[in-house]
Structures are given as structure tokens and as C-alpha cells.
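The values are calculated or read from the model by the stated rules, or taken from the named source; none is laboratory data. Worth saying up front: this structure is predicted, and the values here are computed from it rather than measured. As a convention, Cβ positions derive from the backbone with ideal geometry for all residues, glycine included, and neighbour counts pool all protein chains shown. Accessible surface is based on the protein model in full, side chains and every heavy atom, while ligands, DNA and RNA are left aside. Shrake-Rupley method; radii C 1.70, N 1.55, O 1.52, S 1.80 Å.
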Amino acid sequence: MKKADRVRWWTYLILALATLACVFPLYWMFVVATTDTATATQLPPEIVPGGNFFHLAGLVFSTVPFVRSIINSLVVAGTIGVGQAVLCSLAGFAFAKLRFPGRNVLFLVVVLTMTVPTQLAVIPQYMIISQLGWVDTLQALIVPGLASAFGIFWMRQHLATTLSDEILQAARIDGATSWQIFWRIAFPLVRPAAFVLGLLGFVFAWNDFLWPFIVLKSPEMYTAQIAIKALQNSRSIDLGLAMSGSFLATLPLLVLFVFVGRRMVVGIMDGAFKG
């Protein structure tokens, strides 16, 4: 190995510090989840976990229907993740390879919607959901999240650089329809990118608080984030209880990334080196 190709010691130091900065908030959340509010707010702060985690976790499950909330979050986030992977790929294929009037203008409109804050859409979105009778239902969370402007843009760029026009023309000559070309040729080519998009959609839906807080009313319909909010009363916050709920709600994401983290990196790098 050439001297210029060797990784310097300070590179490892910077990576170690960056890793510590990313992991420490999670560790601190667990520390607080094992203590009480007084210990969490003392100076200097306590950095050693206490012994109250299982007691506080039991309080979490007895205070709110937390298991049901986790299941609701899995249903919502899982459906949104799969929906974005498929629907955004389908829309991206149309914008990248199909020719129809107004294609460029419509794609520009889709891209411009990414500049609009999501909070501005809350009122009209709630009015639509109310007219459909979906208030306090999971479909009120699922349907608006099945597609996103970012996802359409992401998949359009991948398909534009991955699927060549020659393959498209050959499939047309063989009599393939647009749907067959998408499902049998285009989608398998961009499956890693679609997987990353679905995972990002899953994480975003899992962590979403504002929209579920507006449309969900019944405790049995709560998602994990709303259940954590229900652990707090209007006058005081039990930090230990709240952090216990937060840590329990984070565990499914940690397990998910343990199993799919490598595949996510491969999907991101696959898109980074296309072209």
C-alpha cells in the first residue's frame, strides 16, 4: 500500500468522535429511562444507568396501551414504506421514460411542492380526511403518506440513469406493455433505490407526530409517538417515564437497522455512483 493511500490516525479519531456524538444521545436517553427526574436534572449529570428501567417500563405499559400503539405504528409505517417504494417508482418511471403532454410541467410542479412546508397542508388535508369520515382511523395516516414528491424525484432520477432507451424500445418491439416494462424490467433495476426510499418512508412515518396528534383521538388508535405524549400530564413531565417510552419506541428502529443497515448503504451508494 502506498503511503498516500494509508488512512491517517486522525481520520479514525474523527470517525470515533462522530460515532460517539451520534450514539451518546441514545445512551443518555437510556440513562434517563433508568432513573428519575431528579437524577436526570442534577449537575453534574449522572452518566451511569440506574436500576429502575423495568419498573418504569411497566408503568409505560400500564399507563397507555403501548403495545397496541407499537402495532399501529408498524402497520402505518410498514404500509407507507411499501407504498412509497412501489408508487413513487411507478410515478418516477412515468416521468423518466414515458412521453405524454405536460410531463415536464407536471414534474416541475411535483418538485416545487418540496419547497412548501408540510404544516401548510394540515388544514386542507384535515378537511378532506373529515369529509371522508377518516378522523381517528389509521387510513388517515396511511393514505396521505403513500407517495411523496421527494420519492418521485428520487426514483425518477434513478430510472433516468439506469433504464436505457434501447432496452425500453426492445421491450416495446417484443410487445410488452408499459406496466410489464415497469414491473419486469424497470423496477428490478432500481430495487435497491426503492428499498432505501421505502426505509426512509418507514422511519419518517414512525417518527411523525404532528399529523397523528391532530387526527387520532382514541387511545386504542394511538401511534407510538402519540402514546409517548400521553405519558406526560399537562403540569409536569416525568422524564424517566417519558424517556422509558421513547427508548421502547426506538427499539424497533434499532432492530430494523441492525438487519437492513448494510442493504441501505448499498442502495444509497448504488445511486451515488450511477451515471
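Annotations for the structure displayed:
- Ordered by solvent-accessible area of protein heavy atoms (1.4 Å probe), largest first, the residues 114, 243 come out as 114, 243.
- Carbon and sulfur %, accessible surface of the chain computed with the full protein complex present, 1.4 Å: 68 percent
- GNM top mover of 34, 162, 115 - the chain, alpha-carbon springs below 10 Å: 115
- Whole-Å distance, taken between Cα centres, linking the stretch 135-184 and the stretch 70-98: 10 Å
- Across the options 197, 243, 222, the greatest Cα extent toward the positive end of the charge dipole of the stretch 136-275 (unit charges at beta carbon of Lys, Arg, Asp, Glu) belongs to 243.
- Rg over Rh for the stretch 54-97 works out to 1.39, using Cα positions for both radii and the Kirkwood form for Rh.
- Phi-based couplings in Hz for the stretch 80-90 (Karplus 6.51, -1.76, 1.60; Gly and Pro marked x): 5, x, 5, x, 5, 4, 8, 5, 5, 5, 5
- Placing a pseudo-label 7 Å from each Cα along the Cα-to-Cβ vector at residue 256 and residue 203 gives an inter-label distance of 0.9 nm.
- Think of it as helices only: each DSSP H run of n ≥ 4 in the chain is worth -39500 (n - 2.57), and spread over all residues that comes to -22000 deg cm²/dmol at 222 nm.
- Relative to the longest principal axis of the Cα atoms of the chain, helix 149-162 runs at roughly 50 degrees.
- Chain lengthening between residue 131 and residue 108 when straightened (0.36 nm per residue, less Cα-Cα): 5.3 nm
- Solvent-free Debye scattering, log10 I(q)/I(0), computed from the Cα coordinates of the stretch 122-275 at q = 0.16, 0.21 Å⁻¹: -1.02, -1.25
- Residue 180 paired with residue 62, simple spin-label distance in nm, labels 7 Å along Cα-to-beta-carbon: 6.3 nm
- Converting phi to 3J(HN,Hα) with the Karplus coefficients 6.51, -1.76 and 1.60 and the offset θ = phi - 60°, the stretch 97-104 yields 10, 9, 10, 8, x, x, 4, 5 Hz in sequence order, with x at every glycine or proline.
- Shown for the chain is the translational diffusion coefficient from the Stokes-Einstein equation, using the Kirkwood radius over Cα pairs, a temperature of 20 °C and a viscosity of 1.002 mPa s: 98 µm²/s.
- With only the Cα atoms considered, the stretch 81-212 has a convex hull volume of 123 Å³ per residue.
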